[in-house]
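Down below is the structure, laid out as structure tokens.
The values are calculated or read from the model by the stated rules, or taken from the named source; none is laboratory data. Here the structure is a predicted model, which means the values were calculated and not measured. All Cβ positions, even for glycine, are placed from backbone atoms using ideal geometry, and neighbour counts span all protein chains on display.
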Amino acid sequence: MEKISDILSKKCKVNLTAVAKTENIDVKTLISRINRGTVVITNNIKRKMKTPSAVGEGMSTKVNANIGTSTDCSSIEKEREKLAAVVAAKADAVMDLSCGGNLNKIRAMVIKESPIPVGTVPVYQAIVETSRRGLPVHKMDPETLFSALERHASDGVDFMTVHCGVTLSTVKRLRKHKRICGIVSRGGAFLAGWMLANNKENPLYQNFERVLEIAKKYNVTLSLGDGLRPGALADADDNAQLSELHILAGMVTAARKEGVSVIVEGPGHMQLDKIVPHVKLQKRLTHNAPYYLLGPLVTDIAPGYDHITAAIGGTVAAAAGADFICYVTPAEHLRLPDIQDVHNGIIAARIAGHAGDIAKGLKPAFEWDKKFSKARKNLDWATQERLAIDPRKVHEERSKSVPKDKEVCTMCGTFCAMREISKYGI
């Protein structure tokens, strides 16, 4: 069986030496981790990216941003603007979650114009196509679902979320041990409804070997979706969620045997003290597969500020070993995000990931802070702006109140502590 590292370097033309240099590790170590499955590089053989991101063991924490239309808002131009905002804010990957408008056209635009890895959730297309034929979702033909997987992969999608762990058994557990918020994953909810209505097993679970064939054909990374992720703190780490995680762990092993890269998705909403043991459990069960988390959000009561609640949880998760953070925007739970929401969500998630990297002991992360601190000590505003995680914000805030003495800011003015103590060589 061809090694994944060889596929990446020969078929995808990925410069693994450059990736290793970016991550500050030896290229042989990177290649070993890729082939073991503890690191993935999401790169479809049909796409050529200058430096695709490495996600997993020993890598810096990566950030994904979701964009996409809804049935109420389906402008391709707005999605193009959001994609530009995602790239400008330096996200490491983008997912097109479109459910409205011309899905094929929108996805093609994102793949063509994105310089970073692109992910999708093919079950959304299967659901939309079924609905547009005038049928209820539970009448979806499984072939429609597999056709969507094939279409997305052949289009050049780099990673795909597949909800393989939502099974008849896990859904029955969920019905027996009721939650406050039930199922909050869109894909998970529709697949669970399909199974209950038809009394049939999840096609993605029952025919997982078919999913693997499609992924292997195009070198698509499978993101094993957490269709039963908790949507409320009170639902976290319940029987259904952990049952799904155990199923996904088995699928990680099966995928690795077939030479398919996989990452595992996680919650969701989870109270702060549960995050570290949960991440460590995931890592143990999946043999250190890269872990991709939505937050987690550490409280349920902050709509409008959920980019903050997610960043708090994301920091703790990243420090504990999580590898990939999906951003949450201020619009989460309220509406489709706009361009400013996208920017704010990415910056919050990048802060969380960076703080986690410092806690992990990654030298480049600590050195970044050290350089910034030296510029702050020297009252070097140009360097501070350049090194800031959001240079635009630094420029905007400083410009609101330009001090008479441009060496300092208006917080302390002429009584700047660092300028004063510098006179004494401290």
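Summed over the stretch 74-91, residues that are of a type in the set (A, V, I, L, M, F, W, C) and either without any contact (Cβ under 8 Å) to a residue 60 or more places away in the chain or not assigned by TED's automatic domain parsing to the domain that holds V40 (or both) total 4.
Residues that are within 16 Å of E81 (Cβ to Cβ) and of a type in the set (D, E, K, R) within the stretch 109-130 comprise K112, E113, listed in sequence order.
The C-beta contact set for the stretch 146-173 (first residue of a type outside the set (D, E), second residue outside any helix (DSSP H, G or I) and surrounded by fewer than 23 Cβ atoms within 10 Å (Cβ to Cβ), distance under 6 angstrom, 6+ apart or interchain) comprises G156/K46; G156/R47; L168/E201.
The residue that is surrounded by the most Cβ atoms within 10 Å (Cβ to Cβ), counting only those in the stretch 155-196 that are hydroxyl-bearing (S, T, Y) and more than 22 Å from the chain's Cα centre (by Cα), is T170. Out of all the residues in the stretch 197-240, which are surrounded by fewer than 24 Cβ atoms within 10 Å (Cβ to Cβ), of a type in the set (A, V, I, L, M) and part of a loop (DSSP other than H, G, I, E, B)? Within the stretch 197-240, A232, A236 meet the criteria.
Regarding the stretch 72-88, can at least one residue be identified that is within 19 Å of E265 (Cβ to Cβ) and part of a loop (DSSP other than H, G, I, E, B)? Among the residues of the stretch 72-88, not one is within 19 Å of E265 (Cβ to Cβ) and part of a loop (DSSP other than H, G, I, E, B), which makes the answer no. Under 18 Å from the mean Cα position of the chain (by Cα), under 25 Å from E258 (Cα atoms) and either aliphatic (A, V, I, L, M) or crowded, with 16+ Cβ neighbours inside 10 Å (or both) - does that describe any residue in the stretch 14-32? No, that holds for no residue. Taking helices (runs of 4 or more DSSP H) as the structural unit, those lying wholly within the stretch 361-426 and holding at least 1 residues that are touching a residue at least 60 places away in the same chain (Cβ under 8 Å) and surrounded by 13 or more Cβ atoms within 10 Å (Cβ to Cβ) correspond to 363-377. Exactly one residue out of K172, K178 is at pLDDT below 95 and either of a type in the set (G, A, S) or not in a helix (DSSP H, G or I) (or both), and it is K178.
So that you can scan it fast, the table gives a plain yes or no per residue for (1) among the polar types (S, T, N, Q); (2) closer than 25 Å to G225 by Cα; (3) in contact with a helix residue (DSSP H, G or I) (Cβ under 8 Å, 6 or more places away or on another chain); (4) free of Cβ contacts under 8 Å to residues at least 24 places away in the same chain:
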| site | (1), (2), (3), (4) |
| --- | --- |
| K13 | no, no, no, no |
| T29 | yes, no, yes, no |
| N44 | yes, yes, yes, no |
| P52 | no, yes, yes, no |
| E57 | no, yes, yes, no |
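The residues of the stretch 290-321 that are of a type in the set (A, V, I, L, M, F, W, C) and not in a loop (DSSP other than H, G, I, E, B), listed by number, are L293, L294, L297, I308, A310, A311, I312, V316, A317, A318, A319, A320. Residue pairs whose Cβ atoms lie under 6 Å apart, separated by 6 or more positions or on different chains, with the first residue in the stretch 332-348 and part of a loop (DSSP other than H, G, I, E, B) and the second hydrophobic (A, V, I, L, M, F, W, C), are L336/C73; P337/A331. Looking across the stretch 15-27, just one residue is touching a residue at least 12 places away in the same chain (Cβ under 8 Å) and either among the charged types (D, E, K, R) or within 12 Å of T221 (Cβ to Cβ) (or both), and that is E23. Number of residues in the stretch 384-426 that are within 25 Å of F366 (Cβ to Cβ) and touching a Phe, Trp or Tyr at 6+ places or on another chain (Cβ under 8 Å) equals 3. For the condition farther than 25 Å from A197 by Cα and either surrounded by fewer than 22 Cβ atoms within 10 Å (Cβ to Cβ) or free of Cβ contacts under 8 Å to residues at least 40 places away in the same chain (or both), T71 does not qualify. Among the residues of the stretch 219-260, which ones are among the charged types (D, E, K, R) and under 29 Å from P52 (Cα atoms)? Hits for the stretch 219-260 are D226, R229, R256, K257, E258. Of H287, H246, all but one fail to be part of a loop (DSSP other than H, G, I, E, B) and closer than 20 Å to T38 by Cα; the exception is H287. Condition check for V94 on (1) outside any strand (DSSP E or B); (2) free of Cβ contacts under 8 Å to residues at least 60 places away in the same chain; (3) buried (at least 17 other Cβ atoms within 10 Å of the Cβ): one failure, at (1).
Only residues that are of a type in the set (A, V, I, L, M, F, W, C), crowded, with 24+ Cβ neighbours inside 10 Å and over 19 Å from I67 (Cβ atoms) were counted across the stretch 317-335, and they come to 3. Would it be correct to say that V63 is in contact with a helix residue (DSSP H, G or I) (Cβ under 6 Å, 6 or more places away or on another chain), touching a residue at least 40 places away in the same chain (Cβ under 8 Å), under 24 Å from G187 (Cα atoms) and crowded, with 21+ Cβ neighbours inside 10 Å? Here the answer is yes, as V63 does meet what is asked.
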